[in-house]
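Take a look at the following structure, please.
What follows is calculated from the coordinates using simple rules that are stated; it is not laboratory data. Everything quoted here is computed from the prediction, not taken from an experiment. A quick note on method: Cβ atoms are made from the backbone with ideal geometry, for glycine too, and the neighbour counts reach across all protein chains shown.
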Amino acid sequence: MTEVDALQDALAGEHAVIWGYGVVGAEAAEQHLPAVRVAEQAHRTRRDDTADLLRSMSAEPIEAEAYYELPFPVTDPASAVSLAVHLEQGAAAAWRFVLGQTEDAELRRTALVALTESALQAVQWRLQAGIAPATVAFPGQ
Amino acid sequence: MGTPLSRRRVLVALATGVGAVGGAGLLSACTGSPGPVIPTATPSTAPDPLLAVLTEREALVAQYDLAGRQQPDLAPRLLPLRDQTEEQVVALRLALALPEPSSEATSEATSRARTSSAVPVEPPVTLEGLRSSVRATAASAAAVCETTTVERAPFVGSLAAAASCHDLMLR
């Protein structure tokens, strides 16, 4: 796999996370909506930056799908927060994977920032969900 | 793309913790108790940069232990962070192909620690001091992540991210 392939996978992940946050927002408790919007916007920015990066590498960024399968039913605020945790864990894993597909220091910095931000957001959602401990030893693994 | 998994499946893959569609194979190869199996570096005369990451985290575990003894009310908050840091130490020793510390050495260290708790000669450990140490471990792991091998980069990046999360929990 090339670093372009890895970035395309990470971009596909960002598309899926943005779609997933739409579901989270539909079921989340009112007090969580501002945090949902902030988290979703962070992924929209990352999606756009990743697409720009791919174009700079002469690659055509992949498009989002119209629909994604949910891993479990999201029917209430609790399951909405659970989905948010899983989305961020998945995004962290995608960017962790990019780290091993390139020797370019700048791309590694980009991937590490993305991995770290998703790991931090996952911590915030775990705290909201009352999951203890809120941290994990190896984010993205 | 190097993988046949459809993009529609990505959300499921993400949400089940598989991670990047192309990363499933690598991830499964790197998981397992107590930590990831990381290929060791090619022998070199220069010190392995991962050694410094290990040394910092070993010192951090000791700092958590000391903080827990000095301020028992903080122990519930610190214990998960301390235990996860110890998991990272175990994984780092595995990555560096270092032997596990002997039980005698551990026992001696524990004995020294108990003695020292009876005679408090160590400086007090504050939350701010812990945060400073945690931030230092994040920075050094991030620096190593930029230049290390492709085999180690995901592991070291994960260590950097973990330290940033621990920093958040100490605020």
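For a Förster distance of 45 Å, can you work out the FRET efficiency between the beta-carbons of residue B:83 and residue A:62, rounded to the nearest 0.05?
On the way: r = 40 Å, r/R0 = 0.88.
The computed FRET efficiency comes out at 0.70.
Can you give the FRET efficiency to the nearest 0.05 for residue A:33 and residue B:45, using r as the Cβ-Cβ distance and R₀ = 41 Å? Kindly include the intermediate steps, with their values, before the conclusion.
On the way: r = 57 Å, r/R0 = 1.39.
Approximately 0.10, to the nearest 0.05.
Using helices alone, I'd like the mean residue ellipticity at 222 nm for chain A: each DSSP H run of four-plus residues gives -39500 (n - 2.57), total over residue count, nearest 500. Don't skip to the end; give the middle numbers.
On the way: 4 runs with 97 residues, N = 141.
Theoretical 222 nm ellipticity from helices: -24500 deg cm²/dmol.
Given Cα pairs under 8 Å that are at least 6 residues apart, what percent is the relative contact order of chain A? Walk me through the intermediate numbers first.
Numbers: 165 pairs, mean separation 42.4, N = 141.
Relative contact order comes out at 30 percent.
Taking amide H positions as placed 1.01 Å from N in the peptide plane, with prolines and chain starts having none, which residues 5 or more places from residue A:2, or on another chain, fall under 5 Å of its amide H?
Close amide H contacts, sequence-distant or interchain: none at all.
Once amide H atoms are built 1.01 Å from N in the peptide plane, which residues 5 or more positions from residue A:69, or in another chain, come under 5 Å H to H?
B:11, B:12
Restricted to Cα positions, what overall size does chain A have along the principal axes? Three whole-Å values, descending.
42, 34, 23
For region A:74-81, in order, what is each residue's ³J(HN,Hα) by Karplus, 6.51 cos²θ - 1.76 cosθ + 1.60 with θ = phi - 60°, in whole Hz (x at glycine and Pro)?
Computed from phi, the couplings for region A:74-81 are 10, 10, 7, x, 5, 6, 5, 5 Hz.
Step through the residues of region B:89-94 one at a time and calculate ³J(HN,Hα) from phi using the Karplus curve (6.51 cos²θ - 1.76 cosθ + 1.60, θ = phi - 60°), rounding each to whole Hz and writing x for Gly and Pro.
4, 4, 5, 5, 4, 5
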